[in-house]
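Report on the following structure.
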Amino acid sequence: MRISTFFTWFWILYIPFSILFYDLVNDYVDEVMTLILAAFTLTKLNKRSSSKAQKEIVVYVVLVALYFAYSLSLKINSTNAILLDIQQQVRPYIVFYCTYLLAPIFKRWQKNLMIVILGACLVLYVALGFIGSSVSTYGLETPVIGQASLMLAMLFLFCYGDRGENRWVALLIVAVGLLSGKSKVYGEILAFIGVFFFLKNKLNIKSAKSVLQLVALAVIIIFFTWTKFNAYYVEGLSKDEVGQMNARPASYTVAGDIILKDYVPFGSGYASFATNAAAVHYSPLYYKYKLDEVWGLSPDNPMFLADAYYPTLAQFGLVGIFFFLWFWVRRYKEVASKKERVYYKIGLMCILALALESTADTSYLSGKGMGYFMLLAMCIRAGENDIKKRRRIVIVNRDVVRKEHASISNADENTSH
């Protein structure tokens, strides 16, 4: 199967089954799709691989192995719990690196097919929600509408560009997310408008103008999401004792203690804090920090235990945070190196979306976040593929010219004889 054909159908299956209608399908659909992507990549490595990415993958595998050994030595949670957590922690990076290595280039009909089918799925989801059909646990009041609409809008812009009316069509798609009524979706929509409608040049952290633009965007997002922001990160963190806090502020507070005080510099290890594995195999750290007394974090009610991504970094400590930032700095530099404005903006929006969602969601580690990693990798490699395509055209044209010159020379020689 061609790489472009594989990714065409991967996207067509991904958004409906890993995001929109996830509650109606098997819980392991994300894992199955990740395994299929990894297996397909192994069969295509020799065709379009990247030596730079392969070296980075080796570094990542070594880090996972070292943290696995470290987690076993700490013995905070069981081996089964650690293996479960590793499987979930590596998924986004598998998706990113596989897409990066394969670098799909879609044909026009493949782009049209993806957008038409995925657009129809989004409309179907909303229509079913309005008539009262149970398409998810929360009906229309669910962040998956925002996540699916944002992802579809960015895929649309990737396929057709962000010039002219395309931006307005994409904004209309993104606006469907307003039906969810979720604060983080509002934040993502505001970020989308800021990036695609007001950002004229690439951000430069050394530039005062770029810093002011980022600050202004942050202020606007906080203004429109103030109720939740205040509840979790202002008043929520002002309590004197962890036991008096809500689940999310309590998780952030204890994560800080783990990173900066008790488990320096490598953190508490896999399956120990704020992850699904730490909920399924209830982590002893929750007793140690008295988080078992907080509603939503107890063994009999762990519904908010894996409620945000950033607290999970406590598992990897200062060293893990360094490599986490190293990964994302490299990604931003790669996106910023692209001359094509649309690839830069989509890549930047993927980074911003993951950054926003990680404050109050674990999409980073779930199937809902896979699309951001795929789009980011596609944008990074898309520019490279365009350059390679132009180089091949130049080489072919040179060969044609040389052959024509050779033919003319031979004809001249034959004429002279």
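The values are calculated or read from the model by the stated rules, or taken from the named source; none is laboratory data. Nothing here was measured: the structure is a model prediction, and the numbers come from that model. No Cβ is skipped: glycine too gets one built from the backbone with ideal geometry, and neighbour counts run over all protein chains shown. Note: areas computed on protein heavy atoms with side chains; ligands, DNA, RNA excluded. Shrake-Rupley method; radii C 1.70, N 1.55, O 1.52, S 1.80 Å.
List pairs: first residue in segment 99-125 and touching a residue at least 12 places away in the same chain (Cβ under 8 Å) and within 13 Å of residue 156 (Cβ to Cβ), second residue open to solvent by less than 30 Å² (accessible area, probe 1.4 Å) and among the small types (Gly, Ala, Ser) anywhere in the structure, Cβ distance under 7 angstrom, at least six positions apart or on different chains.
Pairs found: 106/4; 122/148; 122/149.
Got a number for residues in segment 344-364 being of a type in the set (Gly, Ala, Ser), surrounded by fewer than 21 Cβ atoms within 10 Å (Cβ to Cβ) and in a helix (DSSP H, G or I)?
Here the count works out to 1.
Restricting to segment 367-388, what's the tally of residues that are open to solvent by 10 Å² or more (accessible area, probe 1.4 Å) and closer than 21 Å to residue 189 by Cα?
Qualifying residue count, segment 367-388: 1.
Looking at segment 63-83, can you tell me whether even one residue there is β-branched (Val, Ile, Thr) and either at pLDDT below 95 or more than 24 Å from residue 268 (Cα to Cα) (or both)?
no
Could you name every one of the helices (runs of 4 or more DSSP H) located completely within segment 71-174 that has at least 3 residues being farther than 20 Å from residue 19 by Cα?
Passing ranges, in order: 79-102, 108-130.
Would you mind stating whether residue 74 is of a type in the set (A, V, I, L, M, F, W, C) and under 25 Å from residue 274 (Cβ atoms)?
yes
Criterion first (surrounded by fewer than 20 Cβ atoms within 10 Å (Cβ to Cβ) and farther than 28 Å from residue 156 by Cα) does residue 32 satisfy it?
Judged against the criteria, residue 32 is not a match.
Please specify each residue of segment 301-316 satisfying the condition of being assigned to a helix (DSSP H, G or I) and surrounded by 22 or more Cβ atoms within 10 Å (Cβ to Cβ).
The answer is 311, 312, 314, 315.
How many residues are in contact (Cβ under 8 Å) with a residue 24 or more places away in the chain and assigned to a helix (DSSP H, G or I) when one looks only at segment 14-30?
11
List every residue pair whose Cβ atoms sit under 7 Å apart, with the two residues 6 or more apart in sequence or on different chains, where the first one lies in segment 1-13 and is touching a residue at least 60 places away in the same chain (Cβ under 8 Å) and in a helix (DSSP H, G or I) and the second, anywhere, is among the β-branched types (Val, Ile, Thr) and surrounded by 18 or more Cβ atoms within 10 Å (Cβ to Cβ).
As it stands, the answer is 4/105, since those pairs meet every condition given.
Name the pairs whose Cβ atoms lie under 8 Å apart, with the first residue in segment 317-343 and open to solvent by 60 Å² or more (accessible area, probe 1.4 Å), the second of a type in the set (D, E, K, R), and 6 or more positions between them or separate chains?
Pairs that qualify, where the first residue is open to solvent by 60 Å² or more (accessible area, probe 1.4 Å) and the partner is of a type in the set (D, E, K, R), are 330/56; 341/162.
Here are some residues: 275, 312. Which one is within 28 Å of residue 192 (Cα to Cα), in contact (Cβ under 8 Å) with a residue 40 or more places away in the chain and under 23 Å from the mean Cα position of the chain (by Cα)?
Result of the check over 275, 312: 312.
Out of segment 266-300, which residues are open to solvent by 10 Å² or more (accessible area, probe 1.4 Å), in contact with a Phe, Trp or Tyr (Cβ under 7 Å, 6 or more places away or on another chain) and not in a loop (DSSP other than H, G, I, E, B)?
Scanning segment 266-300 gives a single hit, 292.
Whether any residue in segment 83-92 is of a type outside the set (D, E, K, R), open to solvent by less than 50 Å² (accessible area, probe 1.4 Å) and in contact with a Gly (Cβ under 8 Å, 6 or more places away or on another chain) is what I want to check.
yes
Which count do you get for residues in segment 177-234 that are surrounded by 13 or more Cβ atoms within 10 Å (Cβ to Cβ) and not in a helix (DSSP H, G or I)?
Of the residues in that region, 6 qualify.
Filter segment 29-62 down to residues that are under 30 Å from residue 265 (Cβ atoms) and either more than 19 Å from the chain's Cα centre (by Cα) or of a type in the set (A, V, I, L, M) (or both), then give me how many there are.
9
Considering only segment 251-283, how many residues are hydroxyl-bearing (Ser, Thr, Tyr) and within 17 Å of residue 323 (Cβ to Cβ)?
Qualifying residue count, segment 251-283: 3.
Out of all the residues in segment 279-304, which are under 23 Å from residue 265 (Cα atoms), touching a helix residue (DSSP H, G or I) at 6+ places or on another chain (Cβ under 7 Å) and of a type in the set (A, V, I, L, M, F, W, C)?
Result: 291, single match.
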